[in-house]
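Taking it in order: structure first as structure tokens, then the write-up.
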Amino acid sequence: MWGKWIGCEVPESGRERFSAAQRGWAAIGDQPGLVGQVGGWDRGCARVLGLWADEEAYGRFMRERHDAVIGASGQGGTYAAIATATGAVVLEMAGDAAELPRALEAATLLRVADCRLRPGRAAHFLDVQRRVWAPGMAAAGGMLGGVVTRLDPHRYLVTTLWSGPAAHRRYAAERLPALREHAATGDDLRALTGHLLPLEPAWAVLPVRRRRGPR
């Protein structure tokens, strides 16, 4: 699987235009290899997570469809700056949803941990994700699924999809402190930036074969 993380700085006056343009990405629901795309607002910044079956499927989309969608929506003129990062998904985390596309469909909240690692710590970091964080969050209730994406050798994006804010608050209060202590990742991390995004339903892009009516 292949992931893409996008951040757009959008002036307050341009948020409505950006959001309208973002809805235009529904046009790619028939693109082969699309797993799903979700996003929302985060302190004045629009953030979007896209997932693809593999790098080849993502590359084909970029060559065949991306620029046409941008051009048709006029989205390129709605933000002041954009930052993107892509990489291979190195771990898929199970949750309450039967599979990741179902998690993308049902989630209303996205939690992102953007982790910058110290040199030589990637193997330990990933081991802890597998042994501690993934099962710990899966047992919390309300975590629907997630992935860990390697954006570069020292940067990993941990993204989890939640049923709603109440489930995430319960997890943060009841399970997070013990998991953090057990994980002991202090030596792994050079920096960590967290994001908690209420998802915009109109921004969700799901494969056409899986799309359901409004939830």
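No lab work stands behind these numbers, since they all come straight from the coordinates. Small disclaimer: the values here were computed from a predicted structure and weren't measured. Every residue, glycine among them, receives a Cβ derived from its backbone with ideal geometry; neighbour counts consider all protein chains shown.
Over the C-alpha trace of segment 87-169, radius of gyration and Dmax come out as 12.6, 37 angstrom.
Residue separation of E181 and A139 scaled by 0.36 nm, minus their Cα-Cα distance, works out to 13.4 nm of gained length. Think of the chain as a dipole: +1 on every Lys or Arg Cβ, -1 on every Asp or Glu Cβ, centred on the Cα centre; then among G33, T185, M143, M143 lies furthest on the positive end.
Seen through its C-alpha gyration tensor, with square-root eigenvalues sorted a ≥ b ≥ c, segment 2-55 comes out oblate because a/c lies at 1.5 or above while a/b is not bigger than b/c. Computing percent of Cα pairs over 29 Å apart directly from the structure and comparing it against [x] 23; [y] 18; [z] 29 singles out [x].
Amide H to amide H distances under 5 Å link L199 with L109, L110, where only residues 5 or more positions off or on other chains count and H is placed in the peptide plane. Secondary-structure-derived ellipticity at 222 nm for the chain, considering helices only, amounts to -7000 deg cm²/dmol, per-run term -39500 (n - 2.57) for DSSP H runs with n ≥ 4. Most tightly packed first, judged by the mean number of other beta-carbon atoms within 10 Å of their residues, the peptides 179-186, 96-103 read 96-103, 179-186. For G87, the residues whose modelled amide H falls within less than 5 Å of its own, excluding neighbours fewer than 5 places apart on the same chain, are G3.
What are the trypsin sites (Lys or Arg not before Pro) within segment 1-89 that DSSP puts in a loop, where the Cβ has at most 16 other Cβ atoms within 10 Å? For trypsin sites (Lys or Arg not before Pro) across segment 1-89 that sit outside H, G, I, E and B with at most 16 neighbouring Cβ atoms in 10 Å, the list reads R43.
Distance from the Cα centroid of segment 138-191 to that of segment 47-104 is 21 Å (rounded to whole angstrom).
From the largest down, segment 1-119 spans 39, 33, 32 angstrom on the principal axes of its Cα atoms. Mean sequence separation of contacting Cα pairs (under 8 Å, at least six apart), scaled by the length of the chain, corresponds to a relative contact order of 30 percent.
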